[in-house]
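Just so it is clear, none of the values below were taken in a lab; they were calculated from the coordinates. Please read these numbers as outputs of a predicted model, since none were measured by experiment. Cβ atoms come from the backbone with ideal geometry, glycine included; neighbour counts cover every protein chain shown.
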Amino acid sequence: MAQPRGQMRNRILDVALELFNEQGYDKTSLREIAERLGVTKAALYYHFKSKSDILLELHLRLHELGRGALDEIDRVGAEKDALNAWPALIDRFVDDLLANRDLFLLHQRNQAAFHEIVDDERHQAENEDIEERFRHVMANPAIPLADRVRMTCSIGAVMVALMGADALFGDEPTERIAELVRSTVHELFPGK
């Protein structure tokens, strides 16, 4: 029985993500993706024109996470409220990162491959939108500069500590590292 189109697209993306992280983007072929799925290459081409289209769709899943975080900031409202809500927003970011670690690892491990998609119009438009929305929050003078710097640093702290957890912290469980990241970031915002 055939699967609905959207469901099959998601299966292709999930299997490609697995293989790209296991072998690297450059060393993974469409044939290997099709074989793991138990379908023909023609079935893949029905859903995606090329391997770089698969990579783009995986990358856009990251954009969706970024948009979700920015939507949450928009829901908070006033800039001062965004500052007060920041620790909770960072907690959500930690949760999102842990739940989607494979997507972040894909980007980290296959940086050269992403040069194939930088000129894609959809990627550029979404990237510009996310960057502009982020700049809008971080450039707002209603939030004191020191707090905006703390907010920005907290994002970097989460990314570096959790994405590099295996290499940096050895066999420590990722959940333990996440707890420490959360408490460290919360210390940046006393009283919030």
- prompt: Quick one: if the Förster radius is 41 Å, what FRET efficiency do residue 23 and residue 128 give, using the C-beta to C-beta distance and rounding to 0.05?
  reply: 0.80
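Placing +1 at every Lys and Arg Cβ and -1 at every Asp and Glu Cβ, with all other atoms neutral, what dipole size does the chain have around its Cα centre, in debye to the nearest 20?
Values: 24 positive and 34 negative charges, 60 e Å.
Dipole of the chain, to the nearest 20 debye: 280 debye.
Can you put 171, 74, 53 in order of Cβ neighbours within 10 angstrom, beginning with the fewest? Please report the intermediate quantities before stating the final value.
Details: 171 5, 74 12, 53 16.
So the residues, fewest neighbours to most, are 171, 74, 53.
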- prompt: Tell me, what ³J(HN,Hα) does each residue in segment 182-189 have, in order and in whole Hz, if you take phi through Karplus 6.51 cos²θ - 1.76 cosθ + 1.60 with θ = phi - 60° and put x for Gly and Pro?
  reply: 4, 5, 5, 5, 4, 5, 5, 10
Computed helical MRE - 222 nm, the chain, DSSP H runs ≥ 4 contributing -39500 (n - 2.57), nearest 500: -24500 deg cm²/dmol
field: Listed values (1) 121; (2) 141; (3) 133, entry calculated as volume of the Cα convex hull per residue in Å³
entry: (2)
statement: Looks like segment 1-48, by Cα gyration tensor root eigenvalues a ≥ b ≥ c and the a/c under 1.5 rounded cutoff (else prolate when a/b is bigger than b/c, oblate otherwise), is prolate
- prompt: If you line up the long axis of helix 51-76 against the longest principal axis of the chain, both from Cα atoms, how many degrees apart are they, to the nearest 10?
  reply: 30
query: What is segment 79-150 by shape, rounded, prolate or oblate, if you read a ≥ b ≥ c off the alpha carbon gyration tensor as root eigenvalues and call it rounded for a/c under 1.5, prolate for a/b larger than b/c, and oblate otherwise?
result: oblate
query: So which residue, out of 55, 83, 180, gets the largest mean-square fluctuation from a GNM of the chain using Cα contacts under 10 Å as springs?
result: 180
message: Less than 14 Å Cβ to Cβ from residue 179, Lys/Arg counted +1 and Asp/Glu -1: what total charge do the surrounding residues give?
response: -3
- request: Filter the trypsin sites (Lys or Arg not before Pro) in segment 19-59 to those in DSSP coil with at most 13 other Cβ atoms within 10 Å of their Cβ, and list the result.
  value: 27, 49
- prompt: From the residues 43, 10, 23, which one has its Cα farthest along the dipole of segment 1-48 in the positive direction, the dipole being from +1 and -1 charges on Cβ of Lys/Arg and Asp/Glu about the Cα centre?
  reply: 43
message: Can you tell me, using C-alpha contacts under 8 Å and at least 6 residues apart, the relative contact order of the chain as a whole percent?
response: 24
